[in-house]
Amino acid sequence: MRLIPKDEGFFDLFDALAERLTRSAGVLHELFTEPTRLDFFAGQIKELEHQADEITHEIMLRLDRSFVTPLDREDIHELATTLDNVVDLMDGTARRAQMFHLADRREPAKQLTAVLMRATELIRQAVHKVRDAHEVARIGREIKKLEEEGDALFSSAVGALFEGSPDALEVIKWKELYDNIEHAID
(Lines give C-alpha, C1' and ligand atoms only; values in the text may rest on other atoms or scores of the structure.)
Protein backbone atom coordinates (compact mmCIF):
# COMPACT_ATOMS: atom_id res chain seq x y z
CA MET A 1 0.00 0.00 0.00
CA ARG A 2 1.27 3.46 -0.92
CA LEU A 3 0.89 6.43 1.40
CA ILE A 4 1.02 8.82 -1.55
CA PRO A 5 -0.51 7.45 -4.75
CA LYS A 6 1.06 8.03 -8.14
CA ASP A 7 -0.83 10.31 -10.49
CA GLU A 8 -1.70 7.92 -13.33
CA GLY A 9 -3.64 10.57 -15.29
CA PHE A 10 -0.54 11.39 -17.30
CA PHE A 11 -1.07 8.33 -19.47
CA ASP A 12 -4.51 9.46 -20.65
CA LEU A 13 -3.09 12.89 -21.45
CA PHE A 14 -0.20 11.34 -23.40
CA ASP A 15 -2.69 9.26 -25.38
CA ALA A 16 -4.76 12.37 -26.14
CA LEU A 17 -1.65 14.28 -27.24
CA ALA A 18 -0.47 11.40 -29.44
CA GLU A 19 -3.95 11.25 -30.99
CA ARG A 20 -3.68 14.95 -31.98
CA LEU A 21 -0.26 14.20 -33.45
CA THR A 22 -1.63 11.36 -35.57
CA ARG A 23 -4.67 13.32 -36.70
CA SER A 24 -2.50 16.31 -37.66
CA ALA A 25 -0.31 14.10 -39.85
CA GLY A 26 -3.39 12.72 -41.59
CA VAL A 27 -4.76 16.19 -42.29
CA LEU A 28 -1.36 17.38 -43.54
CA HIS A 29 -1.32 14.45 -45.95
CA GLU A 30 -4.78 15.47 -47.17
CA LEU A 31 -3.54 19.05 -47.62
CA PHE A 32 -0.82 17.89 -49.98
CA THR A 33 -3.24 15.54 -51.71
CA GLU A 34 -5.94 18.18 -52.24
CA PRO A 35 -4.25 21.61 -52.25
CA THR A 36 -7.47 23.19 -53.56
CA ARG A 37 -8.81 22.76 -49.98
CA LEU A 38 -5.69 24.27 -48.45
CA ASP A 39 -7.44 26.73 -46.13
CA PHE A 40 -9.81 24.09 -44.81
CA PHE A 41 -7.03 21.63 -43.99
CA ALA A 42 -4.77 24.33 -42.54
CA GLY A 43 -7.65 25.38 -40.28
CA GLN A 44 -8.10 21.80 -39.10
CA ILE A 45 -4.41 21.50 -38.31
CA LYS A 46 -4.47 24.82 -36.45
CA GLU A 47 -7.35 23.54 -34.29
CA LEU A 48 -5.48 20.31 -33.55
CA GLU A 49 -2.38 22.37 -32.71
CA HIS A 50 -4.41 24.43 -30.20
CA GLN A 51 -5.76 21.23 -28.65
CA ALA A 52 -2.23 19.81 -28.41
CA ASP A 53 -1.07 23.00 -26.69
CA GLU A 54 -3.91 22.73 -24.16
CA ILE A 55 -3.11 19.09 -23.42
CA THR A 56 0.59 19.90 -23.04
CA HIS A 57 -0.29 22.74 -20.68
CA GLU A 58 -2.45 20.36 -18.64
CA ILE A 59 0.44 17.87 -18.45
CA MET A 60 2.77 20.60 -17.19
CA LEU A 61 0.23 21.76 -14.59
CA ARG A 62 -0.29 18.18 -13.44
CA LEU A 63 3.48 17.71 -13.28
CA ASP A 64 3.78 20.77 -11.04
CA ARG A 65 0.98 19.53 -8.73
CA SER A 66 2.06 15.89 -8.49
CA PHE A 67 4.28 14.75 -5.69
CA VAL A 68 4.78 11.24 -7.11
CA THR A 69 4.75 10.70 -10.87
CA PRO A 70 4.53 7.39 -12.76
CA LEU A 71 7.60 8.30 -14.84
CA ASP A 72 10.59 10.50 -14.22
CA ARG A 73 9.55 14.17 -14.23
CA GLU A 74 12.08 15.06 -16.92
CA ASP A 75 10.81 12.22 -19.11
CA ILE A 76 7.22 13.40 -18.74
CA HIS A 77 8.25 16.93 -19.68
CA GLU A 78 10.37 15.73 -22.62
CA LEU A 79 7.66 13.46 -24.03
CA ALA A 80 4.93 16.09 -23.83
CA THR A 81 7.13 18.83 -25.26
CA THR A 82 8.43 16.68 -28.10
CA LEU A 83 4.97 15.51 -29.18
CA ASP A 84 3.68 19.07 -29.04
CA ASN A 85 6.66 20.35 -31.05
CA VAL A 86 5.93 17.89 -33.87
CA VAL A 87 2.31 19.09 -34.03
CA ASP A 88 3.71 22.64 -34.15
CA LEU A 89 5.95 21.66 -37.08
CA MET A 90 2.97 20.30 -38.99
CA ASP A 91 1.01 23.47 -38.26
CA GLY A 92 3.96 25.54 -39.47
CA THR A 93 4.11 23.49 -42.66
CA ALA A 94 0.41 24.07 -43.31
CA ARG A 95 0.80 27.81 -42.69
CA ARG A 96 3.75 27.97 -45.09
CA ALA A 97 1.68 26.18 -47.72
CA GLN A 98 -0.92 28.92 -47.26
CA MET A 99 1.69 31.70 -47.41
CA PHE A 100 3.12 30.20 -50.59
CA HIS A 101 -0.37 29.92 -52.12
CA LEU A 102 0.22 26.25 -52.81
CA ALA A 103 -1.90 25.30 -55.81
CA ASP A 104 -0.33 22.16 -57.21
CA ARG A 105 0.30 18.78 -55.74
CA ARG A 106 3.61 17.06 -55.84
CA GLU A 107 4.10 13.37 -55.41
CA PRO A 108 7.14 13.73 -53.10
CA ALA A 109 5.07 15.79 -50.65
CA LYS A 110 2.39 13.12 -50.63
CA GLN A 111 5.02 10.40 -50.14
CA LEU A 112 6.73 12.28 -47.31
CA THR A 113 3.46 12.97 -45.51
CA ALA A 114 2.48 9.31 -45.95
CA VAL A 115 5.68 8.34 -44.12
CA LEU A 116 4.88 10.95 -41.47
CA MET A 117 1.41 9.46 -41.03
CA ARG A 118 2.84 5.97 -40.55
CA ALA A 119 5.46 7.26 -38.11
CA THR A 120 2.91 9.17 -36.03
CA GLU A 121 0.70 6.09 -35.86
CA LEU A 122 3.65 4.12 -34.51
CA ILE A 123 4.39 6.93 -32.05
CA ARG A 124 0.76 6.82 -30.92
CA GLN A 125 1.14 3.07 -30.32
CA ALA A 126 4.41 3.55 -28.43
CA VAL A 127 2.91 6.27 -26.25
CA HIS A 128 -0.01 3.99 -25.45
CA LYS A 129 2.45 1.24 -24.46
CA VAL A 130 4.81 3.57 -22.59
CA ARG A 131 4.76 1.27 -19.54
CA ASP A 132 6.18 -1.61 -21.62
CA ALA A 133 9.82 -0.77 -22.36
CA HIS A 134 10.32 -3.76 -24.67
CA GLU A 135 7.32 -2.85 -26.81
CA VAL A 136 8.39 0.80 -26.96
CA ALA A 137 11.88 -0.28 -28.08
CA ARG A 138 10.41 -2.55 -30.78
CA ILE A 139 8.19 0.24 -32.08
CA GLY A 140 11.15 2.61 -31.89
CA ARG A 141 13.08 0.41 -34.30
CA GLU A 142 10.15 0.56 -36.76
CA ILE A 143 10.04 4.34 -36.41
CA LYS A 144 13.78 4.52 -37.14
CA LYS A 145 13.21 2.63 -40.41
CA LEU A 146 10.52 5.15 -41.37
CA GLU A 147 12.88 8.00 -40.54
CA GLU A 148 15.45 6.50 -42.90
CA GLU A 149 12.77 6.08 -45.58
CA GLY A 150 11.82 9.73 -45.08
CA ASP A 151 15.45 10.80 -45.41
CA ALA A 152 15.75 8.96 -48.74
CA LEU A 153 12.49 10.46 -50.05
CA PHE A 154 13.60 13.91 -48.92
CA SER A 155 16.96 13.64 -50.70
CA SER A 156 15.28 12.47 -53.88
CA ALA A 157 12.61 15.18 -53.70
CA VAL A 158 15.10 18.00 -53.17
CA GLY A 159 17.37 16.66 -55.90
CA ALA A 160 14.43 16.61 -58.33
CA LEU A 161 13.74 20.27 -57.60
CA PHE A 162 17.05 21.18 -59.23
CA GLU A 163 16.67 19.11 -62.40
CA GLY A 164 16.61 20.99 -65.68
CA SER A 165 15.96 24.72 -65.51
CA PRO A 166 13.67 25.07 -62.50
CA ASP A 167 11.77 28.18 -61.47
CA ALA A 168 13.74 29.58 -58.51
CA LEU A 169 10.63 30.54 -56.53
CA GLU A 170 9.19 27.05 -56.91
CA VAL A 171 12.46 25.55 -55.73
CA ILE A 172 12.55 27.79 -52.66
CA LYS A 173 8.91 27.16 -51.84
CA TRP A 174 8.99 23.38 -52.20
CA LYS A 175 12.38 22.96 -50.56
CA GLU A 176 11.11 24.72 -47.44
CA LEU A 177 7.96 22.58 -47.39
CA TYR A 178 9.99 19.39 -47.84
CA ASP A 179 12.40 20.55 -45.10
CA ASN A 180 9.55 21.01 -42.64
CA ILE A 181 7.97 17.65 -43.38
CA GLU A 182 11.32 15.89 -43.11
CA HIS A 183 12.02 17.68 -39.82
CA ALA A 184 8.67 16.48 -38.47
CA ILE A 185 9.53 12.91 -39.53
CA ASP A 186 12.85 13.20 -37.67
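The values are calculated or read from the model by the stated rules, or taken from the named source; none is laboratory data. Keep in mind that this is a model prediction, so the values were computed, not measured. A quick note on method: Cβ atoms are made from the backbone with ideal geometry, for glycine too, and the neighbour counts reach across all protein chains shown. These area figures cover heavy atoms from the full protein model, side chains too; ligands, DNA and RNA do not enter into them. Shrake-Rupley method; radii C 1.70, N 1.55, O 1.52, S 1.80 Å.
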Acute angle (nearest 10 degrees) that the helix 9-33 long axis makes with the longest principal axis of the chain, alpha-carbon atoms: 10 degrees
Residue among H183, L63, A42 farthest towards the positive dipole end of the chain, charges placed on Cβ: L63
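Taking a probe of 1.4 Å, how large is the accessible area per residue of the chain, in Å²? Write out the running numbers ahead of the final one.
Details: 9970 Å² over 186 residues.
Value returned for the chain: 54 Å² of accessible area per residue.
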Part-to-part distance (alpha-carbon centres) for segment 153-186 and segment 65-124, which is given in Å: 19 Å
Cβ crowding within 10 Å averaged over residues, with 135-142, 161-168, 74-81 ranked highest first: 74-81, 135-142, 161-168
Placed amide H near V130: partners under 5 Å, 5+ positions off or other chain: none
Between helix 133-161 and the chain: long-axis angle, C-alpha atoms, 0 to 90°, nearest 10: 20 degrees
Volume in Å³ per residue [convex hull over Cα atoms, computed for the chain]: 100 Å³
Inter-site label distance for D64 and K144 at 7 Å from Cα along Cβ, in nm: 3.7 nm
